[in-house]
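No value in this document is a laboratory result; all are computed from the given coordinates. Because the structure is predicted, anything quoted here is derived from the model rather than measured. Cβ placement follows ideal geometry from the backbone for every residue including glycine, while neighbour counts extend to all protein chains displayed.
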């Protein structure tokens, strides 16, 4: 991940520069309330989401137009995902799941715009999301099921001898959840953007030969669009799975 | 590492390679993330989700009511067809009944006329027979009278005085013999 692959021609590639958090209106210090590129691109995510789900459905047409169809598709997709994975009683958490899905989806997709800033490439962002899910689900599990929530770690279907060992494994895997949950998203987005930037750096110095890195960028970009959507989906469906564990802790 | 601007912006040496690990920006990111999530949540819960849910429910309702209406109309059509069939069957039955009644009436009338005609014919025949019998009786009587007179005349011509009554009885016996 070194920022320079220095060569005799003075090739300077800084693939990580795109992730730097900068104040938008000058100054060097980044306090928590400073308006930075993070603020800008998160606001744009809100705007894009509102365009789809609020502006697109303004006519409330029984026979939907294009944008309204897409909004309904997203709604129905998320709703059935929550219902299928977390069960009927998980549907009351649909707005929270939808919030997470909409934020990650639009942040990922907006991050693919050239010169943009991918907010979900930062571990700080994804860790907060994952921790919120982890803490919320754990608290919910104990509130709804009391001590029975611990059945999640005590596998009744396994032989008695194996149960303590399995309990340790289950416990570890439970606490690893937020780590994998957050690093999966941030890592995917960061790696993809860094690779794009590296190839862009090659294209900048190769002259006529830059056709190769440009072709590579086009291919990787298509892949990154896929990754952006799939990672949003993966994060959301894992949230649903964890929620399902909290609602029905028995295996 | 060679870029002084990057290093200046990132501060801590550890973050030189990865801005993701520059902890000085975490507060900023987390703050704006929470703000963003709250805003998205409020937009969803206040406007977007009820609206889309409402549209979907309305569409489902419209489709259901349309289907119900179609079912109703189909049922009505079936009923109308059945009523039509019933009316047709009724009309046929009535037509058959009327035809039968008319036929029976005509038959009865015809029979009555026939009986009347037969009775008339029989009466005429009886009348004719009576007339013929009368004529015959008359003729027989005439023949008897002629025979008596002739017999008397023949008896007288032979110069025999005979009792008229005896002659008559003889003649009557002969006539009756012939008659029989």
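Here are a few things to note about the model shown:
- Degrees separating the helix A:123-145 axis from the principal Cα axis of chain A, which is the longest one: 10 degrees
- Dividing the summed -39500 (n - 2.57) terms of all DSSP H runs of n ≥ 4 by the residue count of chain A sets its mean residue ellipticity at 222 nm at -22500 deg cm²/dmol.
- The shape of chain A can be summarised by an equivalent ellipsoid whose semi-axes, obtained from the alpha carbon gyration tensor, come to 38, 25, 18 Å from longest to shortest.
- For the protein assembly as shown, the share of alpha carbon pairs falling in successive 10 Å distance bins from zero is 4, 13, 16, 14, 10, 5, 3, 3, 3, 3, 3, 3, 3, 3, 4, 4, 3, 3, 1, 1, 0 percent.
- Top of B:36, B:68, B:78 by mean-square fluctuation, Gaussian network on chain B, Cα under 10 Å: B:36
- Cβ-to-Cβ counts within 10 Å put B:32, A:154 in ascending order as A:154, B:32, the fewest first.
- Residue with peak Gaussian network fluctuation, chain A [Cα springs, cutoff 10 Å], from A:25, A:94, A:149: A:25
- Principal-axis tilt of helix A:66-86 within chain A, Cα atoms, nearest 10 degrees: 40 degrees
- Helix B:26-43 axis versus longest C-alpha principal axis of chain B: approximately 20°, rounded to the nearest ten.
- For the range A:132-176 versus the range A:20-88, the gap between their alpha-carbon centres in whole angstrom: 34 Å
- Computed per residue of chain B from DSSP H runs no shorter than four, each worth -39500 (n - 2.57), the mean residue ellipticity at 222 nm is -30500 deg cm²/dmol.
- All-pairs alpha carbon distance profile, chain B, 5 Å steps from 0, percent: 1, 6, 5, 5, 4, 4, 3, 4, 3, 3, 3, 3, 3, 3, 3, 3, 3, 3, 2, 2, 2, 2, 2, 2, 2, 2, 2, 2, 2, 2, 2, 2, 2, 2, 2, 2, 1, 1, 1, 1, 0
- When chain B is treated as a GNM with alpha-carbon contacts under 10 Å, the residue of B:85, B:129, B:109 showing the greatest mean-square fluctuation is B:129.
- Cα centroid of the range A:100-126 to Cα centroid of the range B:93-111, whole Å: 96 Å
- Taking packing as the residue-averaged number of other Cβ atoms within 10 angstrom, the listed peptides B:61-67, A:95-101 run from highest to lowest as A:95-101, B:61-67.
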